[in-house]
Amino acid sequence: MIETILGKYNYWIYIALMMIGFYAMVAKENLIKKVIGMSIFQTAVFLFYVSIAKVKGGTAPIEWHHSHLYDNPLPHTLMLTGIVVSVSTTAVALALIIRIYKAYGSIEEDRVLVLEKEGGKGE
Amino acid sequence: MVDIIEIIYLFILIVCSVAAVRMKDLLSSTVVLGAYSLVMAIIWMDLNAVDVAFTEASVGAGITTVLIIAALSRTTRGEYVPGIEERYKTRKARRLKNGALFIVTLCTFGVLVYGTMDMPNFGDPDAPARHHVADRYIEKSHEEVYVENFVTAILASYRGYDTLGETSVIFTAGVALMMLLRRSKS
């Protein structure tokens, strides 16, 4: 029991972070808050992957003659790609929000939906 | 066995993320998100993921913050706060919705924690993810790619097509941004 907790508490904290982002994405009405939640979620997932790469006593994955054990370089590489893709996602999401604000004058999801139903102010 | 420094950083992360989600002022929220990204970069430094750490510090903490502030400057800064009367009227529905979503989040948390039970412990040298192809990259990359940094070798050579895909994603995002933000003539 104690061993399980000591070995896995890191993962649980990462999952808690993911869930904070997830809650922001589903429960907040403000669209920018949703983007911020998405950003937190993505970063927490990256943290989870990077933690899988860590080995006890390992050194950074750069060749060094004193090292006998390296951390796993593969998740690092994948997460480098992931960070850049997440920024692209954020940029497109923000551009869409700017368009929504231009069309409806609001970035609150519920108000935009009401305006959409009235069918008035859309482009 | 328990790394105190890491726990402190993780605690700061949790505090920053809750603050970023709960703040009413979107600009402060964005700044706190930048701090969150920077602490995240420090944790990655601690986990020996140096390349990921400096990418996060520049791209995650820098560019994302700038992008959100740019979007805020073209929209509104404050989150919409309903007046007392409206808040009183919608109180019950709001509580019901937030409660239901909180329970959904909690259930997801439980399922994911249950999923970690099958995983190898943190830092386990015998974990399957640590072996197979990763071993080969570490052993052979110096003689095959002539680069000391394994991450660079994998990124640019072994998994070059992944990087090409990443570049095409950025290109697509750039095109989408141009189409979304161009000034219409009307």
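Scan segment B:30-49 for residues that are assigned to a helix (DSSP H, G or I) and without any contact (Cβ under 8 Å) to a residue 12 or more places away in the chain and report the count. Step through it out loud before you land on a result.
So in segment B:30-49, the residues assigned to a helix (DSSP H, G or I) come out as B:30-46.
Checking which are without any contact (Cβ under 8 Å) to a residue 12 or more places away in the chain leaves us with B:45.
Looking only at that region, the number is 1.
Residue by residue through segment B:65-86, note down the ones that are among the small types (Gly, Ala, Ser) and either modelled with pLDDT of 80 or more or under 24 Å from the mean Cα position of the chain (by Cα) (or both).
B:Ala70, B:Ala71, B:Ser73, B:Gly78, listed by residue number.
Could you look through segment B:102-144, keep only residues that are within 9 Å of another protein chain (Cβ to nearest Cβ) and of a type in the set (Val, Ile, Thr), and pick out the one that is farthest from A:Thr77 (Cα to Cα)?
B:Val104
Could you grab me the full set of residues in segment B:1-46 that are out of contact with any strand residue (DSSP E or B) (no Cβ under 7 Å at 6 or more places or on another chain), charged (D, E, K, R) and under 20 Å from A:Phe22 (Cα atoms)? I'd like the intermediate steps shown before the answer.
Residues of segment B:1-46 out of contact with any strand residue (DSSP E or B) (no Cβ under 7 Å at 6 or more places or on another chain): B:1-23, B:27-46.
Okay, now just the ones that are also charged (D, E, K, R), so B:3, B:6, B:22, B:46.
Within segment B:1-46, B:Arg22 is the sole residue that qualifies.
Got a sec? Which of B:Gly160, B:Gly165 is at pLDDT below 90 and closer than 30 Å to A:Ala95 by Cβ? So that I can check it myself, show each step before the final result.
Numbers: B:Gly165 fails: at pLDDT below 90.
The unique qualifying residue is B:Gly160.
Sort through A:Gly37, A:Gly82 and tell me the only one that's more than 7 Å from chain B (Cβ to nearest Cβ) and either on the phi < 0 side of the Ramachandran plot or part of a loop (DSSP other than H, G, I, E, B) (or both). Don't jump to the end; show me each part of the working.
On the way: A:Gly37 fails: more than 7 Å from chain B (Cβ to nearest Cβ).
Result: A:Gly82 is the single residue among A:Gly37, A:Gly82 that is more than 7 Å from chain B (Cβ to nearest Cβ) and either on the phi < 0 side of the Ramachandran plot or part of a loop (DSSP other than H, G, I, E, B) (or both).
Scan B:Val66, B:Val81, B:Val147 and give me the residue that is outside any helix (DSSP H, G or I) and more than 9 Å from chain A (Cβ to nearest Cβ).
Details: B:Val66 fails: outside any helix (DSSP H, G or I); B:Val147 fails: more than 9 Å from chain A (Cβ to nearest Cβ).
The conditions single out B:Val81.
The values are calculated or read from the model by the stated rules, or taken from the named source; none is laboratory data. Note that the coordinates shown come from a computational prediction; the quantities given were computed from them, not determined experimentally. For neighbour counting, all protein chains shown are included, and Cβ atoms are generated from backbone atoms with ideal geometry for every residue, glycine included.
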